[in-house]
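Participant: The structure is given below, and queries will be raised subsequently.
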Amino acid sequence: MTFPSSLRERMSVWAELDALLGRPEFDHARTGINATYERLRAFGHLLGPARRLYHDPARLLAGIEWAGIVDPPLMHVAMVHFGVATTAIVECGRSGHDLDTLTAQLDTMAAPGAIVATELGRGGSQVSLRTEARYDRERGTFTLHTPDDAALKIMPNVGWTALPRTAVVAARLVTGGTEHGVHAFAFRFPHPRARVVPLPGGAPLPLDYAVIRFEHAEIPFGHWLRDDATLTDGMVVDPLPPQRRLARTLGGVNAAVTSAAVALASAARATVAITARYTRQRLIGDPGVPALGFPAHRAELASAIARVYALGCYVDKVSRDFVAERTGTGRTTPAADAGDAGYAPWLAADRDRTLAKAAATTTLESVAARCRRLCGFQGVLHTNRITGYEDMARSFHAAGGDTRLLLLEAGKQLVDGTDAPAGHGAPGHDPGDPRSVLRLVCLHERVLANRLRRHADHAGLDDRLDQVERLAHVHIVRRTLQESGAAEAAAPGPWRTTLGAARRLYAIDALLDSAAWHLDHGSLRPGDVDVLRQARSAAAEHVIRHLDAFVDGLAVPPGRVGGFIGRADYIDRIAALTR
């Protein structure tokens, strides 16, 4: 298959990183926190220093994709190290002896990066953080302090104190009793005045999560990641108003959501690759009918493949934009006004970027659950990787920006004004034509936005948040159809055929999911649904007939995934355990 150039470039980085798979650190029999950070060190040494990778975002994102397939906990700590901490320090820090010492340890992996933002009493929202960073004018330093139990920092991965960390802490800047909004501060763990306690129990991604109490922890002035703000004679001058400063302080999260989106999408590719390879060999019943002999099984697998391909097109677009923005080769998306960002202020930087992360999370969660069921008992064994990817999705509903908060913030923006193009008409002679589906999805988005806007004018939106969230979901479908269409049009021959077939099935599935709304609105007739179901069956069979091409296009070799059932000789490999 002829892959597009952007995928070939990433594949070369993946092949380079595959050399790590033969090293002891990457033996899947090794588990635990120590193993995760040993893998991070090896990964970082091969991929490159953190500050250099900041200026080579294409290589960074390719590495994060690889980690998302190979080891989800590794991917999480790499995302925090390279995506969040490094971004905040490079973009908002000012070079000086104190800060340069910390950033050097980021580069060498002697003290990997961490983010310390979420507070115990504030859930997944960073809008009203309480941790204080008080300026001591006489000493020229800051002290971080936790004012009450609700302000305890929770869930940063800094609980394994044997390894130093270079953290970015979000705290309210206070000078002379006056608050100046939430700013970012570099902080070295361990610190004698920061009490770090590992959280008991486990989590979907097993890491060293902790709860932290700052007890007047002093840090040098140079650890203030002040960006363009200044502090002279106890007076803070900040060109950004508080809400924009908050969005800027959390700017590293924007790099994180892009990293998360590409990693989650790569894990989704791995999930369907494992399932497709196993399904070709799995026999059911006596004397043994191939799983692909059952129409319902074929249809579920085909829909999972189509959804993963469509998601990949949306995420690829977001990745390209991120690379262009960071390298200065493309136009930076104007930031939305963060002044009324009540749920997720970091969304102000780029709606597509954060919604791609939300889409990738929900897609991986749904696809992994479906594929786990399709694989029977083999699907629930951790060694076969699918449950690990499902856990990754569960974790990232909270990590990198809470999914619901992102959707609500995006929905609010869409109520203020959607750019869904106008179009008219129900499906024509070919109801499965993605162009017809796209017109209907645009109609759905516009009608929802207009109804919510009229309601908001006289009653606000608090009693319509479920519809606001639904509007964001419809927008994601629209953007996915648009970007998969653009990718199909630009693709080389065989790759175009593959993308086109996947897009058709994704479009039909999306329209069937919202058929009740369209029937109620009158944009579909009752008979259209039966026709769509027939078109879906035909589109799914087309995908299955060309299953080899679709699996090849996922670019996930069995050796990178590991496990047993993703390989042609899985019976021999498992049987070898008994010899």
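The values are calculated or read from the model by the stated rules, or taken from the named source; none is laboratory data. Note that the coordinates shown come from a computational prediction; the quantities given were computed from them, not determined experimentally. Every residue, glycine as well, gets a Cβ built from its backbone with ideal geometry; the counts of neighbours run over all protein chains shown. SASA here: full protein model, heavy atoms, side chains in, ligands and nucleic acids out. Shrake-Rupley method; radii C 1.70, N 1.55, O 1.52, S 1.80 Å.
Participant: What's the Kirkwood radius of segment 231-295 in Å, using all Cα pairs?
Facilitator: For segment 231-295, inverting the mean 1/r across all distinct Cα pairs yields 16.7 Å.
Participant: Can you give me the solvent accessible area of SER537 with a 1.4 Å probe, rounded to the nearest 10 Å²?
Facilitator: Rounded to the nearest 10, the figure is 70 Å².
Participant: Hey, can you list the DSSP H helices of the chain whose Cα span along the axis is 18 Å or longer and whose average Kyte-Doolittle score is at least 1.0?
Facilitator: What comes out of the filter, once short or polar helices are dropped, is 57-70.
Participant: Report, by chain and number, residues whose modeled amide H sits under 5 Å from the one on THR141, excluding near sequence neighbours (fewer than 5 apart, same chain).
Facilitator: ASP136
Participant: Step through the residues of segment 224-232 one at a time and calculate ³J(HN,Hα) from phi using the Karplus curve (6.51 cos²θ - 1.76 cosθ + 1.60, θ = phi - 60°), rounding each to whole Hz and writing x for Gly and Pro.
Facilitator: Values per residue, Gly and Pro as x: 6, 8, 7, 6, 9, 6, 10, 9, 10 Hz.
Participant: Can you list residues whose amide H is under 5 Å from ARG165's amide H, if they're 5+ apart or on another chain and H is modeled 1.01 Å from N?
Facilitator: Those qualifying (amide H under 5 Å, at least 5 residues apart or on another chain) are PHE189.
Participant: Okay, moving on. What share of Cα pairs, in percent, lie more than 48 angstrom apart in the chain?
Facilitator: 13
Participant: Measuring with a 1.4 Å probe in the full set of protein chains, what accessible area per residue, in whole Å², belongs to the chain?
Facilitator: Per residue, the chain has an accessible area of 40 Å².
Participant: Could you give the length gained by full extension between ALA576 and ASP548, i.e. 0.36 nm per residue of separation minus their alpha carbon distance, to one decimal place?
Facilitator: Length gained, ALA576 through ASP548: 7.3 nm.
Participant: With the radius of gyration and the Kirkwood radius both derived from the Cα set of segment 5-108, what is their ratio Rg to Rh?
Facilitator: Here Rg/Rh amounts to 0.99.
Participant: Can you sort HIS55, HIS28, HIS455, HIS475 by 1.4 Å-probe accessible area, starting with the largest?
Facilitator: Largest accessible area first, the list is HIS55, HIS28, HIS455, HIS475.
Participant: Considering only GLY285, ALA171, VAL543, whose Cα is most displaced toward the positive end of the charge dipole of the chain, charges sitting on Cβ of Lys, Arg (+1) and Asp, Glu (-1)?
Facilitator: GLY285
Participant: Can I ask one more? For the chain, build the charge dipole from Cβ charges (+1 Lys, Arg; -1 Asp, Glu) around the Cα centre, then report which of SER514, ILE274, ASN254 sits farthest towards its positive end.
Facilitator: Of the candidates, ILE274 comes out farthest on the positive side.
Participant: Additional query: Under the rule that an exposed site lies in a DSSP loop and has at most 16 other Cβ atoms within 10 Å, name the longest stretch of the chain with no GluC sites (Glu not before Pro) of that kind, not counting the sites themselves.
Facilitator: 216-579
Participant: Shifting gears a bit: Compute the relative contact order of the chain as a whole-number percentage, counting only Cα pairs closer than 8 Å that sit 6 or more residues apart in sequence.
Facilitator: Relative contact order, the chain: 15 percent.
Participant: Normalised by the number of residues in segment 358-501, what is the relative contact order in percent for Cα pairs under 8 Å and 6+ residues apart?
Facilitator: 19 percent.
Participant: In the chain, what percent of the accessible surface is made up of carbon and sulfur (1.4 Å probe, ligands and nucleic acids excluded)?
Facilitator: Carbon with sulfur: 53 percent of the solvent-accessible area.
Participant: Related question: Give me the lysines in straight-line cross-link reach of LYS153: C-alpha distance below 27 Å, same-chain residues under 8 apart excluded.
Facilitator: Here the lysines satisfying the reach criterion relative to LYS153 are LYS357.
Participant: I'd like the trypsin sites (Lys or Arg not before Pro) in segment 171-222 restricted to DSSP loop residues with at most 15 other Cβ atoms within 10 Å, sorted by number.
Facilitator: Passing both the DSSP loop test and the Cβ count: ARG193.
Participant: In segment 253-560, if the dipole is taken from +1 on Lys/Arg beta carbons and -1 on Asp/Glu beta carbons about the Cα centre, which of PRO494, VAL531, LEU364 is farthest to the positive end?
Facilitator: Selected residue: PRO494.
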